[in-house]
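Shown next, in structure tokens, is the structure this report addresses.
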């Protein structure tokens, strides 16, 4: 089974934005598996700055993008399935890359986000080993 190229492109374009002094932004498709402040979601989408000044503890791994950010002075913990990223782009130029939506399909309840914000370094549960027949 091949790992998606999407998280690699997201990380590369994030670094490209920073190297050029641009502000990296994500456009994200939102559903029940995406943790963002719902009051800023329009038409099932949200656009988020992921710059170093807008985020704390940014992590872009192969399955999730997570960070802390302030909205209206209130801190929020953000969790985005990588498959829900519609695009990453530089705010200043609009240059970036768009992607197809890959809906997050948890295989069981343990794969979903917790109902309440995670604390004490809790992260969503991920399967480590998958049986392929």
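Before moving on, here are some points about what is shown:
- Taking the criterion of being surrounded by fewer than 14 Cβ atoms within 10 Å (Cβ to Cβ) and at negative phi, the residues of region 19-39 that qualify are 19, 20, 31, 32, 38, 39.
- Any hit, region 13-24, residues being more than 21 Å from residue 105 (Cβ to Cβ) and within 11 Å of the chain's Cα centre (by Cα): no
- Some residue of region 17-30 being under 14 Å from residue 82 (Cα atoms), touching a helix residue (DSSP H, G or I) at 6+ places or on another chain (Cβ under 9 Å) and free of Cβ contacts under 8 Å to residues at least 60 places away in the same chain: yes
- Residues that are out of contact with any helix residue (DSSP H, G or I) (no Cβ under 8 Å at 6 or more places or on another chain) and not in a helix (DSSP H, G or I), drawn from region 77-88: 77, 78, 79, 80, 81, 86, 87
Here, each number is a calculation from the coordinates, and none is a lab measurement. Note that the coordinates shown come from a computational prediction; the quantities given were computed from them, not determined experimentally. Note that each Cβ is placed from the backbone with ideal geometry, even for glycine, and that neighbours are counted across all protein chains shown.
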